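Okay, so here's the structure we're looking at.
The values are calculated or read from the model by the stated rules, or taken from the named source; none is laboratory data. Remember, predicted model here, so these are calculated numbers, not experimental data. A quick note on method: Cβ atoms are made from the backbone with ideal geometry, for glycine too, and the neighbour counts reach across all protein chains shown.
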Amino acid sequence: MKQTLQNTIRIGIIHEYAMVRTLLKDYLSEQANFELHAVCDSTQQFMEHAASQRIDVLLFDYSLPSVKIADELRHIKSELPGLRIILLSAEKHITPDGNLLAEYISGYASAAISPEDLFDMIRRVAEERLLISQQSAPSNTPAQLTEREIMVLQMLWEEKTNREIAEKLFLSVKSIEKMRLDIKEKLSAHSLIGMLKKGLERQIISIGEEKQTTSSCSE
(Lines give C-alpha, C1' and ligand atoms only; values in the text may rest on other atoms or scores of the structure.)
Protein backbone atom coordinates (compact mmCIF):
# COMPACT_ATOMS: atom_id res chain seq x y z
CA MET A 1 0.00 0.00 0.00
CA LYS A 2 1.87 3.06 -1.27
CA GLN A 3 1.56 6.49 0.31
CA THR A 4 1.52 9.64 -1.82
CA LEU A 5 3.97 12.31 -0.77
CA GLN A 6 2.33 15.76 -0.77
CA ASN A 7 4.95 17.73 1.21
CA THR A 8 7.47 20.02 -0.43
CA ILE A 9 10.85 18.31 -0.75
CA ARG A 10 13.80 20.59 -0.04
CA ILE A 11 16.83 19.44 -2.03
CA GLY A 12 20.51 20.25 -1.62
CA ILE A 13 23.29 19.56 -4.14
CA ILE A 14 27.04 19.04 -3.70
CA HIS A 15 28.75 18.76 -7.08
CA GLU A 16 32.16 19.75 -8.38
CA TYR A 17 31.03 21.20 -11.71
CA ALA A 18 29.10 24.48 -11.89
CA MET A 19 27.35 23.48 -15.12
CA VAL A 20 26.03 20.27 -13.57
CA ARG A 21 24.85 22.15 -10.48
CA THR A 22 23.04 24.71 -12.62
CA LEU A 23 21.41 22.09 -14.86
CA LEU A 24 20.26 20.01 -11.91
CA LYS A 25 18.92 23.06 -10.10
CA ASP A 26 16.99 24.33 -13.13
CA TYR A 27 15.62 20.93 -14.07
CA LEU A 28 14.61 19.85 -10.57
CA SER A 29 13.03 23.23 -9.80
CA GLU A 30 10.49 22.56 -12.55
CA GLN A 31 9.21 19.45 -10.80
CA ALA A 32 6.15 19.58 -8.55
CA ASN A 33 6.93 19.73 -4.81
CA PHE A 34 10.69 20.19 -5.35
CA GLU A 35 12.58 23.18 -3.93
CA LEU A 36 16.33 23.67 -4.42
CA HIS A 37 18.46 24.96 -1.53
CA ALA A 38 22.16 24.86 -0.65
CA VAL A 39 23.51 24.17 -4.16
CA CYS A 40 27.24 23.94 -3.41
CA ASP A 41 30.61 22.72 -4.66
CA SER A 42 31.88 21.36 -1.31
CA THR A 43 30.71 19.72 1.88
CA GLN A 44 31.92 22.67 3.96
CA GLN A 45 29.85 25.12 1.93
CA PHE A 46 26.80 22.86 2.12
CA MET A 47 27.06 22.49 5.90
CA GLU A 48 27.16 26.25 6.34
CA HIS A 49 23.88 26.57 4.42
CA ALA A 50 22.26 23.51 6.01
CA ALA A 51 22.88 24.87 9.51
CA SER A 52 20.19 27.52 9.01
CA GLN A 53 17.60 25.70 6.87
CA ARG A 54 15.98 22.31 6.54
CA ILE A 55 17.21 20.04 3.75
CA ASP A 56 15.37 16.77 3.12
CA VAL A 57 17.45 15.16 0.37
CA LEU A 58 21.06 15.78 -0.67
CA LEU A 59 22.42 14.88 -4.13
CA PHE A 60 26.11 14.16 -3.53
CA ASP A 61 28.78 13.96 -6.24
CA TYR A 62 30.41 10.54 -5.91
CA SER A 63 33.48 11.66 -7.88
CA LEU A 64 34.54 14.74 -5.91
CA PRO A 65 38.34 15.05 -6.21
CA SER A 66 40.64 14.62 -3.20
CA VAL A 67 37.74 13.61 -1.00
CA LYS A 68 37.32 10.48 1.12
CA ILE A 69 33.67 9.80 0.44
CA ALA A 70 33.00 7.78 3.59
CA ASP A 71 34.55 10.48 5.81
CA GLU A 72 32.54 13.21 4.13
CA LEU A 73 29.29 11.28 4.44
CA ARG A 74 30.02 10.36 8.05
CA HIS A 75 30.53 14.04 8.86
CA ILE A 76 27.32 15.09 7.12
CA LYS A 77 25.22 12.40 8.81
CA SER A 78 26.69 13.13 12.24
CA GLU A 79 25.55 16.75 11.93
CA LEU A 80 22.32 16.07 10.00
CA PRO A 81 21.15 12.57 10.98
CA GLY A 82 17.73 12.99 9.37
CA LEU A 83 19.14 13.98 5.98
CA ARG A 84 18.68 11.48 3.13
CA ILE A 85 21.60 11.25 0.69
CA ILE A 86 21.63 10.11 -2.94
CA LEU A 87 25.01 9.53 -4.57
CA LEU A 88 25.42 10.86 -8.12
CA SER A 89 27.97 9.32 -10.50
CA ALA A 90 28.93 10.32 -14.02
CA GLU A 91 29.81 6.68 -14.71
CA LYS A 92 27.30 4.12 -15.86
CA HIS A 93 28.54 1.02 -14.12
CA ILE A 94 30.31 2.09 -10.92
CA THR A 95 28.60 0.71 -7.82
CA PRO A 96 29.60 2.15 -4.44
CA ASP A 97 30.53 -0.10 -1.55
CA GLY A 98 27.48 -1.78 -0.06
CA ASN A 99 28.50 -0.93 3.50
CA LEU A 100 28.70 2.74 2.50
CA LEU A 101 25.12 2.55 1.25
CA ALA A 102 23.87 0.72 4.30
CA GLU A 103 25.36 3.26 6.72
CA TYR A 104 24.97 6.62 5.03
CA ILE A 105 23.18 6.46 1.68
CA SER A 106 19.53 6.14 0.76
CA GLY A 107 20.04 5.88 -3.02
CA TYR A 108 22.54 5.76 -5.87
CA ALA A 109 22.03 7.33 -9.31
CA SER A 110 24.43 6.46 -12.12
CA ALA A 111 24.64 8.17 -15.50
CA ALA A 112 22.34 5.47 -16.87
CA ILE A 113 19.36 6.61 -14.80
CA SER A 114 16.57 8.47 -16.58
CA PRO A 115 15.38 11.87 -15.28
CA GLU A 116 12.00 10.38 -14.40
CA ASP A 117 13.63 7.64 -12.34
CA LEU A 118 15.81 10.19 -10.55
CA PHE A 119 12.70 12.22 -9.66
CA ASP A 120 11.01 9.06 -8.41
CA MET A 121 14.08 8.12 -6.35
CA ILE A 122 14.11 11.56 -4.71
CA ARG A 123 10.44 11.27 -3.82
CA ARG A 124 10.87 7.74 -2.45
CA VAL A 125 13.87 8.77 -0.36
CA ALA A 126 12.04 11.83 1.01
CA GLU A 127 8.97 9.73 1.78
CA GLU A 128 11.12 7.34 3.82
CA ARG A 129 12.37 10.31 5.85
CA LEU A 130 8.82 11.47 6.52
CA LEU A 131 7.67 7.99 7.49
CA ILE A 132 10.53 7.69 9.97
CA SER A 133 9.72 11.13 11.42
CA GLN A 134 6.09 10.13 11.88
CA GLN A 135 7.20 7.02 13.77
CA SER A 136 9.39 8.95 16.23
CA ALA A 137 6.68 9.41 18.84
CA PRO A 138 6.06 6.48 21.23
CA SER A 139 3.27 4.25 19.99
CA ASN A 140 1.63 0.94 20.80
CA THR A 141 1.26 0.10 17.11
CA PRO A 142 3.69 -2.36 15.48
CA ALA A 143 6.93 -0.88 14.12
CA GLN A 144 6.56 0.18 10.49
CA LEU A 145 8.92 -0.76 7.71
CA THR A 146 10.98 1.79 5.84
CA GLU A 147 10.50 2.21 2.09
CA ARG A 148 13.63 0.17 1.38
CA GLU A 149 12.54 -2.63 3.74
CA ILE A 150 9.21 -2.76 1.94
CA MET A 151 11.06 -3.14 -1.36
CA VAL A 152 13.12 -6.01 0.09
CA LEU A 153 10.01 -7.74 1.42
CA GLN A 154 8.29 -7.33 -1.93
CA MET A 155 11.22 -8.89 -3.77
CA LEU A 156 11.32 -11.78 -1.28
CA TRP A 157 7.66 -12.36 -2.15
CA GLU A 158 8.75 -12.48 -5.80
CA GLU A 159 11.20 -15.28 -4.84
CA LYS A 160 14.32 -13.23 -5.55
CA THR A 161 17.55 -14.29 -3.83
CA ASN A 162 19.55 -12.10 -1.46
CA ARG A 163 22.12 -11.58 -4.20
CA GLU A 164 19.49 -10.51 -6.75
CA ILE A 165 18.00 -8.06 -4.25
CA ALA A 166 21.44 -6.71 -3.38
CA GLU A 167 22.25 -6.07 -7.05
CA LYS A 168 18.91 -4.34 -7.60
CA LEU A 169 19.33 -2.01 -4.61
CA PHE A 170 23.11 -1.52 -5.01
CA LEU A 171 23.74 -3.06 -1.60
CA SER A 172 25.95 -5.86 -0.33
CA VAL A 173 24.50 -9.30 0.37
CA LYS A 174 25.37 -8.81 4.05
CA SER A 175 23.32 -5.61 4.09
CA ILE A 176 20.31 -7.49 2.72
CA GLU A 177 20.77 -10.23 5.32
CA LYS A 178 20.83 -7.58 8.07
CA MET A 179 17.74 -5.92 6.60
CA ARG A 180 15.90 -9.24 6.57
CA LEU A 181 16.61 -9.64 10.28
CA ASP A 182 15.30 -6.11 10.92
CA ILE A 183 12.14 -6.84 8.93
CA LYS A 184 11.60 -10.09 10.80
CA GLU A 185 11.94 -8.30 14.14
CA LYS A 186 9.61 -5.44 13.15
CA LEU A 187 6.96 -7.87 11.92
CA SER A 188 7.39 -10.16 14.94
CA ALA A 189 7.95 -13.08 12.57
CA HIS A 190 10.08 -16.18 13.09
CA SER A 191 10.71 -17.25 9.50
CA LEU A 192 10.53 -16.09 5.89
CA ILE A 193 7.05 -17.59 5.58
CA GLY A 194 6.01 -15.68 8.68
CA MET A 195 7.42 -12.44 7.25
CA LEU A 196 5.51 -12.89 4.00
CA LYS A 197 2.31 -13.78 5.84
CA LYS A 198 2.54 -10.65 8.00
CA GLY A 199 3.35 -8.59 4.89
CA LEU A 200 0.19 -9.84 3.19
CA GLU A 201 -1.95 -9.33 6.28
CA ARG A 202 -0.81 -5.70 6.60
CA GLN A 203 -1.11 -5.12 2.83
CA ILE A 204 2.58 -4.24 2.65
CA ILE A 205 3.16 -6.71 -0.17
CA SER A 206 1.62 -5.84 -3.54
CA ILE A 207 0.37 -8.95 -5.30
CA GLY A 208 0.75 -8.84 -9.07
CA GLU A 209 2.68 -5.53 -9.11
CA GLU A 210 6.21 -6.89 -9.35
CA LYS A 211 7.33 -4.65 -12.21
CA GLN A 212 6.24 -1.48 -10.48
CA THR A 213 8.06 -2.42 -7.29
CA THR A 214 11.40 -3.44 -8.72
CA SER A 215 11.97 -1.06 -11.63
CA SER A 216 12.63 2.24 -9.86
CA CYS A 217 15.79 2.97 -11.86
CA SER A 218 17.44 2.18 -15.14
CA GLU A 219 20.70 0.30 -15.39
Restricted to segment 21-49, and to residues that are of a type in the set (A, V, I, L, M) and at pLDDT 90 or above, which residue is surrounded by the fewest Cβ atoms within 10 Å (Cβ to Cβ)?
LEU23
Take segment 5-26 and flag every residue that is under 15 Å from VAL57 (Cβ atoms) and touching a residue at least 24 places away in the same chain (Cβ under 8 Å).
LEU5, ASN7, THR8, ILE9, ARG10, ILE11, GLY12, ILE13, ILE14, HIS15, LEU24
Scan segment 161-183 and tell me whether some residue there is modelled with pLDDT under 85 and not in a loop (DSSP other than H, G, I, E, B).
no
Identify, by number, the condition in (1) surrounded by fewer than 20 Cβ atoms within 10 Å (Cβ to Cβ); (2) under 16 Å from the mean Cα position of the chain (by Cα) that ASP182 doesn't meet.
(2)
Residue identified as in contact with an Asp or Glu (Cβ under 6 Å, 6 or more places away or on another chain) and at pLDDT below 85 among LEU64, LEU88, LEU100
LEU64
Output for segment 191-219, where each listed residue is at pLDDT 50 or above and either in contact with a His (Cβ under 7 Å, 6 or more places away or on another chain) or more than 19 Å from ILE176 (Cβ to Cβ) (or both)
LYS197, LEU200, GLU201, ARG202, GLN203, SER206, ILE207, GLY208
